[in-house]
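Have a look at the structure below, then the notes.
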Amino acid sequence: MQLDVVTLFPDYLEPLRLSLVGRAIERGTVRLAVHDLRDWTHDRHRTVDDTPYGGGAGMVMRPEPWGECLDTLVPEPAHDTGGPRLVVFTPSGRRFDQRLADELAGEDRLILACGRYEGIDARVVPYARTRMRVDEVSLGDYVLNGGEAAALVVIEAVVRLLPGVIGNPESLAEESHSAGHDHLLEYPIYTKPPSWRGLDVPEVLFSGHHGQIAAWRRDRALELTAERRPDLLPDDRRGEFAIAAAVA
Ligand code: ADE
């Protein structure tokens, strides 16, 4: 997968060179290119922002550097051909979740646009849509100083789904929010010692009975999800799941 990140703070993305994502880059599973938006400015001060039309606080990112940058990264319109997909980070975007991570992990190339200040001039996204597929994406219902922290999160969530990045692919199927786990929260997990500070590992986990263990884990996952995140229970099976969780 090719990842292009456009930012005013290229150093912000350096932690991606560490750990699992770093190893995926070293192995060539991921090609990461971090671009400084100021490389597409033409004035002495490398200006990327200006005051908002209509007044108001703060500064807005001017469209020209973004336009030139996108033209460089994607010289030919490619929105019909499965070309690159552009992710623009904004608190007013589609909420990022595991489903979107799964979807993005299927792409060959992602371009991640990190806005700063009050955001990017509103003409940039419609322009980009004439050339490529675009998703405006929010990390959650809070405001960050810019898209860089969101890019770190999205890249980590997506890259770990690529084949060969995680040692044991079975761990992907079992974890919270994964499709293989019906998008439920994960059941509680334990390791040695069997008893610690008066707290015991549940007996069933020593039984060696795979069916019973799987049923226990499913019940705990349902119970936890019904308690903490009932919104995650699938609509058509909410009643059934809620009853199973209540009985468990
Ligand atoms: N930029 C500022 N706030 C953001 C958020 N919540 N998600 C994504 N990008 C952002």
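With the structure loaded, tell me whether Glu136 is in a loop (DSSP other than H, G, I, E, B), closer than 16 Å to Trp66 by Cα and within 15 Å of the ligand (Cβ to nearest atom) or whether it fails that test. Taking the combined requirement at face value, the residue does not satisfy it.
Quick check on my filter: what residues within the stretch 92-106 are within 12 Å of the ligand (Cβ to nearest atom) and surrounded by fewer than 16 Cβ atoms within 10 Å (Cβ to Cβ)? Once the filter is applied, which keeps residues that are within 12 Å of the ligand (Cβ to nearest atom) and surrounded by fewer than 16 Cβ atoms within 10 Å (Cβ to Cβ), the stretch 92-106 yields Ser92, Arg94, Arg95.
Against the test of being within 17 Å of Met1 (Cβ to Cβ) and crowded, with 19+ Cβ neighbours inside 10 Å, the options Val134, Val74 yield a single qualifying residue, Val74.
Within the stretch 1-59, the set of residues being in contact with a Pro (Cβ under 6 Å, 6 or more places away or on another chain) and among the charged types (D, E, K, R) comprises Asp36 only.
In the set (1) outside any helix (DSSP H, G or I); (2) more than 16 Å from the ligand (Cβ to nearest atom); (3) in contact (Cβ under 8 Å) with a residue 24 or more places away in the chain; (4) closer than 20 Å to Asp11 by Cβ, the condition left unmet by Ala113 is number (2).
Bear in mind these aren't lab numbers, they're just calculated from the coordinates by the rules spelled out. Values in this document were obtained by computation on a predicted structure and should not be read as measured data. As a convention, Cβ positions derive from the backbone with ideal geometry for all residues, glycine included, and neighbour counts pool all protein chains shown.
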